[in-house]
Amino acid sequence: MNASSPLPPVQDRGQGQDRPANSLYGGTRNRRVTVRDIAAAKQRGERWPMLTAYDALTAGVFDEAGIPVLLVGDSAGNCHLGYDTTVPVTMDQMVMLSAAVVRGTERALVVADLPFGSYQESPSQALHNGVRLLKEAGAGAVKLEGGERAAPAIELLVQAGVPVMAHIGLTPQSVHALGGYPVQGRGEEAAHQLMRDAKAVQAAGAFAVVLEAVPAELAAQVTASLAIPTVGIGAGVGCDAQVLVWTDMAGMTAGRVPRFVKQYANLRAVLGDAARAFGEDVASGAFPGEEHSFH
Ligand code: KIV
């Protein structure tokens, strides 16, 4: 994280028993993961995990756990900033959140989302804002939503030296046009379009592509037809990588989570219990004790 907290020993990272030293997850690389490492993982057929992160503290936990790619998703809108959708998220917010995640990590490749309205106008708008995320926040790559229609922006970004992760299938920034968050790629024409989108972003130079809310069989076909890795969310086990929004994965999200989420903890209950225990102690006078007091 910083000079006073050096990398933990490699055996503490990613429960890496029996994984090759060059594994993305659980490997022993003591430097930032790069897009070349991601390409090599596809060649080896290695599956890898990606999580979202929106602050330095949480990002540091995931980095120490060996998660090789952290996405500063514009899901920050819903999961961190209290909006109903990702639509209101701004470039300034993404720069601030992404810079915090970069500061909190040493090994993970940090991918920062281009928010709604920051790249759709023209490829040069995409380049301007993509460069901001690399220069001002220190991100290693950007992500944007869209397939064929986003290809010109991806091409310009990549030519300029900005690595791009594409995002097709369900694209949450289009929530108002889609009328919600329906599964994508169902039916012959939609499946063909998804395949065209995947090929278009690969041809434009994307180093990976997120497939969101897509039938598992179609996602597996797309994965097999691409040389770049697919990162699935609600897209079945046939993708090269899997991503979850961290607040869903760890049980921080209030209320229902999407069907494709697996909850690995119940942090909301743990934090709520801690807050209530603190509240009770303060109300009863049990906190602070002698050991917490100065004389
Ligand atoms: O913003 C986000 O968190 C995302 C993931 C769901 C892929 O785009």
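What to note about this one:
- From the options A190, A274, A227, A198, residue that is within 20 Å of Q43 (Cβ to Cβ) and either part of a helix (DSSP H, G or I) or among the hydroxyl-bearing types (S, T, Y) (or both): A198
- Extreme residue, surrounded by the most Cβ atoms within 10 Å (Cβ to Cβ), among residues of the range 231-269 that are farther than 19 Å from D74 by Cβ and free of Cβ contacts under 8 Å to residues at least 12 places away in the same chain: R256
- Helices (runs of 4 or more DSSP H) within the range 72-166 that include 1 or more residues away from the ligand (no atom under 16 Å from the Cβ) and either basic (K, R) or open to solvent by 50 Å² or more (accessible area, probe 1.4 Å) (or both): 91-103, 123-135, 151-159
- Residues in the range 26-60 that are within 16 Å of the ligand (Cβ to nearest atom) and not in a helix (DSSP H, G or I) were compared, and the one that is surrounded by the most Cβ atoms within 10 Å (Cβ to Cβ) is A53.
- Of all residues in the range 201-221, those being part of a helix (DSSP H, G or I), over 17 Å from V162 (Cα atoms) and open to solvent by less than 10 Å² (accessible area, probe 1.4 Å) number 1.
- Residue list for the range 173-192, filter: open to solvent by 50 Å² or more (accessible area, probe 1.4 Å) and either β-branched (V, I, T) or touching a His at 6+ places or on another chain (Cβ under 6 Å) (or both): V183
- Selection status of K199, under 20 Å from the mean Cα position of the chain (by Cα) and of a type in the set (K, R): no
The values are calculated or read from the model by the stated rules, or taken from the named source; none is laboratory data. On a predicted model such as this, the values are computed, not experimentally measured, just so you know. Don't worry about glycine lacking a Cβ; one is built from the backbone with ideal geometry, like all the others, and counts go over all protein chains shown. Ligands, DNA and RNA are stripped out before the accessible areas are found, and what is left, the full protein with its side chains, is counted by its heavy atoms. Shrake-Rupley method; radii C 1.70, N 1.55, O 1.52, S 1.80 Å.
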